[in-house]
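Reviewing the structure listed below.
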Amino acid sequence: MVDHKGEVLVTGCAGFIGFHLSKRLLTEGYHVVGLDNLNTYYDPSLKKDRLAQLLEAPRFKFVKGSLENKELLDLMFDQTTFNSVVNLAAQAGVRYSLKHPEAYIQSNLVGFGHLLECCSKHQVKHLLYASSSSVYGDNQKIPFSVKDRVDHPISLYAATKKANEEMAYTYSHLYRLPTTGMRFFTVYGPWGRPDMALFSFSNAIMENKPIEIYNYGKMKRDFTYIDDVIEAVYRLIEKGPLEDETKVPHTIFNIGNHHPVPLLDFVDLLEKGLGK
């Protein structure tokens, strides 16, 4: 029998990373409260299928709702003392932000602000939150380092993720709220998002349709397998936050494979694997 290791709130629990993280936490003995609004950014049936697996675990509780709903968040934090909070809820996608900027502002900024308020008010021991490699924008220095300046985001999505890092730092500074930002690099694997390159490219190849590739394919991507991402997040939860009283308790990590692959090589591997 696995020991009860505490309560963790995972927002975006029916999303790709949130689903896998919740499964890992449940396996390791945590009780997980999952929050998700099951929005229609991509086919919600995929989210419901992931959620159905989580609901089989007796230590999992699901709450349907959004971070923008401050009253719901207040109620959740009043009812449960969370050891850790992992924020994986966000409006994802870069190109989608060109036509739907309000979705990013509401979820990624307003919603994250509500979560920071609740974590501060209830003195949560550790808030971990998803940032993104997109904050590096047009940075030319490779490999990226968390010490690099990230002042020039080139999408609204990236700008909201950079803003999340600044907001978290402010709460860490003002209220000693321990926060950890995680910059994810192109995560792939089973149950992945259908809008990500692995699935969208594969579907196009199988259907004999052209693939949209920008900048003539002259780019590299650091593809990171989901199990490696979950291992990193789990270790950060287990390790706990920065505990140096002389420093602001806010840290940022790159969660990547550290081996960028040329995009055209990636497409070539897909074609070979699919036999087309």
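The values are calculated or read from the model by the stated rules, or taken from the named source; none is laboratory data. Predicted, not measured: the structure shown is a model, and the values here were computed from it. Every residue, glycine among them, receives a Cβ derived from its backbone with ideal geometry; neighbour counts consider all protein chains shown.
For segment 229-251, taking the residues that are modelled with pLDDT under 95 and surrounded by 14 or more Cβ atoms within 10 Å (Cβ to Cβ), the one that is farthest from Cys119 (Cα to Cα) is identified as Leu242. Candidates in segment 64-75 are the residues that are surrounded by fewer than 19 Cβ atoms within 10 Å (Cβ to Cβ) and among the hydrophobic types (A, V, I, L, M, F, W, C); of these, the one that is farthest from His114 (Cα to Cα) is Leu75.
I need the full set of residues from segment 151-173 which are free of Cβ contacts under 8 Å to residues at least 40 places away in the same chain and closer than 26 Å to Ser120 by Cα, in order please.
Ala159, Lys162, Glu166, Thr170
Applying the set (1) touching a residue at least 24 places away in the same chain (Cβ under 8 Å); (2) on the phi < 0 side of the Ramachandran plot; (3) of a type outside the set (A, V, I, L, M, F, W, C) to Thr40 leaves exactly one unmet item: (1).
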